[in-house]
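Q: Got a structure for you, written out below as structure tokens; questions coming shortly.
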Amino acid sequence: VAHNAEADQGLHTYRVGINQFADMTDEEYRSHLNLRINPAYLQNLTEVDERVDVNAYPDSVDWHAKGKVAAVKDQGQCGSCFAFSAVASIESQYAIATGKPVPDLSAQQIVDCIHSGGDVCQTGGDPVGALNLVIQEGGVETTRDYPYHARMSSCVYSRSKAAVSITGVKTLQTGNENTLKSMVAGQPVAVAIDAGHPGFRNYKSGVYQDSACHTQVSGLNHGVLAAGYGSENGHDYWLIKNSWGTGYGANGYLKMARNHNNNCGVASYACYPTGAH
């Protein structure tokens, strides 16, 4: 209440509200933040071209409004954010590349088949690893064929049921928001962020920014989808699709500060698939 009163006075750029995390302990909340970046991916990655002319891209992009982003999903009590962000980037890339309707692809396949040496719901994972898995396995099934149940099970992926395949992965690791803008102008991008702060947990509307956020890769703990960008009341933002259901934020979305010193590390570890078909 105090935060929103201060927001009304212009002291904050965002408002908070009551959501499903209001009565959770900090430990229960942290179970939703299980992004675990694999150090091996920090060297051997295909980087995007950093030489971008920012003026060559539109001032705002909203892939959700264009109908190129699947419905908001809910990861539940499983640290599978990385799988949902990776799958969301594939869904959108497929819809943009083919002109076909946005598919609903299986995050459960990633959870079951990534073989990280533990319970993925507890240990988490890496969106680049998830995209690489889809390349290795020759595709990803639909959620209808391989439904989500918020716990790790044995891998039952069948290549004959693969609905979408990809051929490559492009990444950004420099924290350069201009480069991220050039990426998101072309398609939604899976991004890693620091979501470990009360303002993010209780976000309701406005443009979220937090000076306490980490920007370095080691401080990133949550995987989401950058589905667009724009400006609101003079504040630049990234349009972020979360995987915490529609009860979170603005129908499952939030706006995160853009051009604000790489706020919450939004451009420190980003990736998207190529060749979706």
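Any read-out appearing in this document is the output of simple, stated calculations on the displayed coordinates, not a laboratory observation. These numbers were taken from a predicted model, which means no experiment stands behind them. Neighbour counts run over all protein chains shown; Cβ positions are idealised from the backbone, glycine included.
Q: Distance check, please: which entries in LYS170/LYS241; LYS66/LYS170; LYS181/LYS241; LYS161/LYS181; LYS68/LYS181; LYS68/LYS161 exceed 25 angstrom between their Cα atoms?
A: LYS161/LYS181
Q: Oh, and also: State the volume of the convex hull built on the alpha-carbon positions of region 16-274, expressed per residue in Å³ and rounded to an integer.
A: Here the figure is 117 Å³ per residue.
Q: If packing is taken as the average count of other Cβ atoms within 10 Å, what order do 143-155, 176-188 fall into, highest mean first?
A: 176-188, 143-155
Q: With Cβ to Cβ distances under 12 Å as the rule, what net charge do the other residues near ALA192 carry (K, R +1; D, E -1)?
A: Combined, the nearby Lys, Arg, Asp and Glu give -1.
Q: For labels at THR167 and ASN261 in the simple 7 Å Cα→Cβ model, what's the distance in nm?
A: About 4.2 nm, to one decimal.
Q: How do PHE82, PHE200 line up, fewest other C-beta atoms within 10 Å first?
A: Fewest-to-most ranking of PHE82, PHE200: PHE200, PHE82.
Q: Would you please give the residues with an amide H less than 5 Å from that of LYS66, counting only those at least 5 places away or on a separate chain, with H modeled from the backbone geometry?
A: none
Q: Once phi is turned into ³J(HN,Hα) by the Karplus curve 6.51 cos²θ - 1.76 cosθ + 1.60 with θ = phi - 60°, what whole-Hz value does each residue of region 97-111 show in order, with x for glycine and proline?
A: Once θ is set to phi - 60°, the couplings for region 97-111 become 6, 9, x, 8, x, 5, x, 10, 9, 7, 6, 4, 4, 5, 4 Hz.
Q: Something else about it: Can you compute the modelled spin-label distance between ASP49 and CYS155, with each label point 7 Å from Cα toward Cβ, in nm?
A: 3.5 nm
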